[in-house]
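These notes concern the structure reproduced below.
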Amino acid sequence: MNNRDIRNLGSIKGNLSFNEPLKKYTSMKVGGPAEIFFQPYDLKELKLFLSKLDINVPIFWLGRGSNLLIRDQGISGAVISLLLIKKEIIKVNEHCIEVSANVPCTMLSRQCMRWGMAPSEFFSGIPGSLGGALTMNAGAYGYETWDTVESVKVITRKGELIERYPPAYKVRYRKVEGPENEWFVSAKLVFDQKKSASISKQREMLSKRKISQPLGKASCGSVFKNPKGDHAARLIQEAGLKGYRIGGGKISEKHANFIINEGDALASDIESLIVHVQKEILQKFNIKLQCEVRIVGNK
């Protein structure tokens, strides 16, 4: 790959590096290097980078890395992270806000609660950023991200900013399909005028999460989607897999749908655990568990 053009970005405030280890950018704390890694300071720098990047170079968009498993061999092409761009939550009116994609969902929930917007409490149960939540239609406590979306702003491979509306996307449980080579940079969210924000409900949700999930441990959140009419955690527990480990990866004894990094895990350990669980559940219950965690990178 010819990196000459992107090395010549001039004076930028963001970060551009090569063969950057990605394990420090994911909640699982595993993963190999990015061939090219770029963190723009603002959208102007992002547009500049995209204009100089060869059209044939693949791009991977990295959020907070909370629902992601990056393989040990890393990612070819360019990895872009928006974490350095200013985080903005703008109140449009009493029931509508505009939020940049790099805003953590927990931060979004807190601000909406201050403004009395509901149902915003559920965002406190989503560990990633809004961009990631939009990408996979993340949800918690019976609500999903796209329930609140009025419109989204995306950036194209050519650096063009476009506003799109929900009909442009096929939204399903933990999966969103839309135009290719576009990435979310912000969204307008609308909340229910008939509902009132409840701080006590939010605290109840957070308390439940703290009790039931292995918070503070290196993990990628819920590993599997819940099959219709059942829960992945129940199936894994019934199969006797709590505490099962491969290398430095272990199925949480607190919540069976979490895999935790004991400190020295490789991505291959985690992926092997995922495959093992799928095989066991298929054999015991004739149910094929689908991954909620996104697995990316070179094999």
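Read the figures in this text as sums done on the coordinates, not as results from a lab. Model, not experiment: these values are computed from the prediction. Note that we place each Cβ from the backbone using ideal geometry, even for glycine, and neighbour counts take in every protein chain shown.
Mind listing which GluC sites (Glu not before Pro) in the stretch 241-299 are in a DSSP loop and have 15 or fewer other Cβ atoms within 10 Å? Before the final figure, lay out each step's value.
Details: sites: 253, 262, 271, 280, 292; in loops: 253, 262, 292.
Those satisfying the criteria are 253, 262.
Fully extended, how many nm does the chain gain between residue 47 and residue 272 (0.36 nm per residue separation, minus their Cα-Cα distance)? Don't skip to the answer; put the middle values down first.
On the way: separation 225, 0.36 × 225 = 81.00 nm, distance 3.84 nm.
Answer, rounded to one decimal: 77.2 nm.
Please list the radius of gyration and Dmax for the stretch 165-299, considering alpha-carbon atoms only, with Å as the unit.
17.8, 51
Would you pull out the residues with amide H under 5 Å of residue 295's amide H, same chain only if 5 or more places away, H placed 1.01 Å from N?
Result for residue 295 returns 69.
Compute the FRET efficiency between residue 231 and residue 13 as 1/(1 + (r/R0)^6), taking r as their Cβ-Cβ distance and R0 = 41 Å, and round to the nearest 0.05. Walk me through the numbers on the way to the answer.
Numbers: r = 46 Å, r/R0 = 1.11.
Computed FRET efficiency for residue 231 and residue 13 comes out at 0.35.
Just grab the label-to-label distance for residue 165 and residue 253, each label 7 Å out from Cα along the Cβ direction, in nm (one decimal).
Here the answer is 5.4 nm between the modelled labels.
Whole-Hz Karplus ³J(HN,Hα) for the stretch 286-296, in order, using 6.51 cos²θ - 1.76 cosθ + 1.60 and θ = phi - 60°, x for Gly and Pro?
6, 10, 9, 6, 9, 5, 8, 5, 8, 9, 9
List, in order, the whole-Hz ³J(HN,Hα) value for each residue of the stretch 125-140 obtained from phi through the Karplus relation with A = 6.51, B = -1.76, C = 1.60 and θ = phi - 60°; use x for Gly and Pro.
For the stretch 125-140, the Karplus-derived couplings read x, 10, x, x, 9, 4, x, x, 5, 5, 5, 10, 6, 4, x, 6 Hz, x marking Gly and Pro.
What does the charge count near residue 207 come to, summing +1 for each Lys or Arg and -1 for each Asp or Glu among other residues with Cβ under 14 Å from its Cβ? All intermediate terms of the calculation are to be shown ahead of the outcome.
On the way: positive: 201, 203, 208, 209, 210; negative: 121, 204.
Around residue 207, the charge tally is +3.
Among 212, 66, 81, determine the one that fluctuates most according to a GNM of the chain built with springs between C-alpha atoms less than 10 Å apart.
Between 212, 66, 81, it is 212 that shows the largest mean-square fluctuation.
Please find, in a Gaussian network model of the chain (springs between Cα atoms separated by less than 10 Å), the residue of 96, 105, 220 whose mean-square fluctuation is greatest.
96
Where Rh denotes the Kirkwood radius from the mean inverse Cα pair distance, what is Rg over Rh for the chain? Could you put the intermediate results ahead of the total?
Details: Rg = 19.6 Å, Rh = 20.2 Å.
In the chain, Rg relative to Rh is 0.97.
Given the alpha-carbon gyration tensor of the stretch 1-71, what are the semi-axes of its equivalent ellipsoid in whole angstrom, ordered largest first, with each equal to the square root of 5 times an eigenvalue?
Working: eigenvalues 101, 37, 23 Å².
Over the Cα atoms of the stretch 1-71, the ellipsoid semi-axes are 23, 14, 11 Å.
P(r) for the stretch 11-119: what percent of alpha-carbon pairs falls in each 10 Å bin, starting at zero?
13, 38, 30, 16, 3
Quick query: amide H of residue 118 versus all other amide H atoms, modeled in the peptide plane; which residues come in under 5 Å with a sequence gap of 5 or more or a different chain?
192, 197
Could you work out the percent of alpha carbon pairs in the stretch 216-296 separated by over 22 Å, rounded to a whole number? The partial results should precede the final answer.
Values: 448 of 3240 pairs.
Of all Cα-Cα distances in the stretch 216-296, 14 percent exceed 22 Å.
In whole Hz and in residue order, list the ³J(HN,Hα) couplings for the stretch 240-245 that follow from phi through the Karplus curve 6.51 cos²θ - 1.76 cosθ + 1.60, θ = phi - 60°; x for Gly and Pro.
Result, rounded to whole Hz: x, 9, 4, x, 5, 9.
How big is the dipole moment of the stretch 1-132 about its Cα centre under a simple scheme where the beta carbon of each Lys and Arg is +1, that of each Asp and Glu is -1, and everything else is neutral? Debye, nearest 20, please.
Working: 16 positive and 11 negative charges, 60 e Å.
The dipole magnitude comes to about 280 debye.
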